1. V23: net charge of surrounding residues, Cβ under 13 Å, Lys/Arg +1, Asp/Glu -1, itself excluded?
2. By counting other Cβ atoms within 10 Å of each Cβ, how are R111, R166 ranked from fewest to most?
3. Among 44-51, 68-75, how do they line up from the highest to the lowest mean number of other beta-carbon atoms within 10 Å?
4. Can you spot the lysines whose alpha carbon is less than 21 Å from K152's alpha carbon? Ignore those fewer than 8 places along the same chain.
Amino acid sequence: MCWTMKHRLEGYSMKYEPHEYQVYATEYILQHPIAAILLNMGLGKSVITLTAIFDLTLDSFLIRKVLVIAPLRVARDTWPAEIEKWDHLRGLTYTVAIGSESQRKAALLQRVQVYLINRENVEWLVTKSGLPFDYDMVVVDELSSFKSHQAKRFRSLVKVRPLVKRIVGLTGTPASNGLIDLWCCHSPCLSAFEWFFLVLHGGVLG
């Protein structure tokens, strides 16, 4: 399935009145090419990020194409709903690259600002789609799902990280397995935060 929203229906958008922490988080994304937003579910990670994306693509014009990687349901339902919901995002266009290979390719060939894809298709996009990876900003929604360095999605993202000007990681669960995920100093594995660092900084720990 793929579709592009280029116009929204009048009367269906809501006025965005951000909380102070949301303003701060959006400004942080704008001021830092590498950012991680750790907020609990329901605190507006998507709209915080979309507000920054709007500024970067349609105001300052620093970014041309944004790839958002998210769980399937979130990529298909949540992000499109957020884009359509808020009045200040009017004019921001998107496409959802899910479904069959031909449907995904058709979606990714659309001329829009935001490209939404589920995390299971990251490897396909990078190594098998045959399409150029020309996204200058990447948003990883639920960054904790990229903590395993052995996962193909992780390796694929690290491979193209040097091509990306800006990257934002979003999560509400940075330590889903408790302290063992936060710090495994007595284990050959790296901590979840170190894996986040690898993804965000392009595969180099320093």
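1. For residues surrounding V23, the net value is -4.
2. In order of increasing Cβ crowding within 10 Å: R111, R166.
3. Ranking the peptides 44-51, 68-75 by packing returns 44-51, 68-75.
4. Reachable lysines: K105, K128.
Rule-based calculations on the coordinates, nothing more; no lab input. Since the structure is predicted, the reported quantities are computational estimates derived from the model, not experimental observations. When we count neighbours, we look across all protein chains shown, and the Cβ atoms used for this are built from the backbone with ideal geometry, even at glycine.
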